[in-house]
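Structure first, commentary second.
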Amino acid sequence: MSKVRIGIIGCGGIANGKHMPSLAKVKEAEIVAFCDIVVERAEEAKAKYGNEDAKVYSDYTELLKDASIEVIHVCTPNDSHAEISIAAMEAGKHVLCEKPMAKTAADARRMLEVSKQTGKKLSIGYNNRFRTDSRALKQVCESGELGEVYFAKAHAIRRRAVPTWGVFLDEEKQGGGPLIDIGTHALDLVLWMMDNYKPKVVLGRAYHKLSQTENAANAWGPWDPAKFTVEDSAFAMITMENGASIVLESSWALNTLEVDEAKVTLCGTKAGADMKQGLRINGEENSRLYVKEIELSSGGVAFYEGASDDPAELEARAWIDSVLNDKELIVKPEQALVVSEILEAIYESSQTGKAIYFE
């Protein structure tokens, strides 16, 4: 069986936490090149996930010269997603870029254009689509059980879980804080469930209320207020062309006990659904209200026979399958672009105090 030869660009947290261990479980995948500006990280990645012949680079442009590499995984800070992805596609590689698609919507649009021009596949790492509850809810939505979903909430709320490592707090590198980091996952899920990618107007607000707290309680230890240049929370109301409304809530630090990350609430004309306590469907039948809890530990349609329910592994398998067998992408770049456009509109709305209208 032929294998897909892969190069990893950026051997930091997300590469080690998701991409490389997941690809290692896919027998059709072979990681043959590792690149990082800190060459020691690339060396460590090779030792763990590569073979003796795997190559190590500190300059991604040198890696892209290897014509035998078919696929690139972009696992770098947000501000370099577009630059590296575009260069990789122009070098003849298919690209899986970590979320968000890019730091700016303009960069995301350029990525999509180059994908179309080169004919190379481009997908974005929205791995929460591959969760068991997400796949089950998507089936419910596609069956028509909810009817027309006209109101939804995208939940990405942490009480005190500010990532203090890497460049997460650096607005220049990342483009934002919890909104672009975890809010992007929740928004992607909502749009995917609704199958609605036509926003009309966005009104949003980003806050810097807790970021300057000294010696703050935090899951990963106190953050440095001087380095905390992104928002600590952000919220938005999104109105779609068809009149549907979406409320997006995101935070790394917020005084709340309602903590939900990468979850959705959907309200339709026939029924509603939420991921608050497992997966629940609610509605009315025979003049009585009902709540149905979906059993997720057994049954359901698996993407791949014998595969685990680990969303990162399923993402890797689906991606490699799309490359090897020219299958349709689960996460399409056109969809990821709309997510980036909405996120950017929220930030712009917060800065201007005005609603942002889409053409």
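The values are calculated or read from the model by the stated rules, or taken from the named source; none is laboratory data. Everything numeric in this text was worked out from a predicted model, so none of it was measured. No Cβ is skipped: glycine too gets one built from the backbone with ideal geometry, and neighbour counts run over all protein chains shown. Side chains included, ligands, DNA and RNA excluded: accessible areas come from the protein's heavy atoms. Shrake-Rupley method; radii C 1.70, N 1.55, O 1.52, S 1.80 Å.
Kindly work out what percent of the DSSP beta bridges joining two residues of the chain are antiparallel, to the nearest 5. It would help to have the intermediate numbers written out before the result.
Numbers: 39 of 66 bridges.
The answer is about 60 percent antiparallel.
Taking 0.36 nm per residue of separation and subtracting the current Cα-Cα distance, fully stretching the chain between Arg280 and Glu28 would add 87.1 nm.
The modelled label-to-label distance between Trp165 and Leu289, using points 7 Å beyond Cα along the C-beta direction, is 4.4 nm.
Compute the accessible area per residue over the range 7-49, keeping the other protein chains in place, probe 1.4 Å, unit Å². Each step should come with its number before you reach the end.
Numbers: 1840 Å² over 43 residues.
Counting only protein heavy atoms, the per-residue value for the range 7-49 is 43 Å².
Counting only protein heavy atoms and a 1.4 Å probe, tell me what percentage of the range 72-212's accessible area is made up of carbon and sulfur. Reported share for carbon and sulfur atoms: 46 percent. Rolling a 1.4 Å probe over the protein chains gives Thr118 an accessible area of about 50 Å².
Expressed in nm to one decimal, what extension gain is obtained for the pair Met237 and Lys65 from 0.36 nm per residue of sequence separation less their Cα-Cα distance?
Numbers: separation 172, 0.36 × 172 = 61.92 nm, distance 4.49 nm.
Computed gain between Met237 and Lys65 is 57.4 nm.
Note on the chain: GNM, Cα springs under 10 Å; of Glu348, Glu293, Glu249, the largest mean-square fluctuation is that of Glu293. When each of the peptides 72-85, 274-287 is scored by how many other beta carbons lie within 10 Å of its residues on average, the order from highest to lowest is 72-85, 274-287. Pairs of lysines in the range 257-359 whose Cα atoms sit within less than 26 Å of one another amount to 5, provided the residues are eight or more positions apart or on different chains.
Give the calculated FRET efficiency between Lys48 and Glu359 to the nearest 0.05, with a Förster radius of 45 Å applied to their Cβ-Cβ distance.
Numbers: r = 47 Å, r/R0 = 1.05.
The calculated FRET efficiency here is 0.45.
Got the relative contact order for the chain handy, in percent, Cα pairs under 8 Å and 6 or more residues apart? Could you put the intermediate results ahead of the total?
Values: 768 pairs, mean separation 68.9, N = 359.
Normalised by residue count, the contact order of the chain is 19 percent.
Rounded to the nearest whole Hz, the Karplus-based 3J(HN,Hα) values (6.51 cos²θ - 1.76 cosθ + 1.60, θ = phi - 60°) of the range 133-138 follow the sequence 5, 5, 5, 5, 5, 4, with x at glycine and proline.
Please work out the average accessible area per residue across the range 121-247, using the 1.4 Å probe convention, and give it in Å².
Values: 5060 Å² over 127 residues.
I get 40 Å² per residue for this part.
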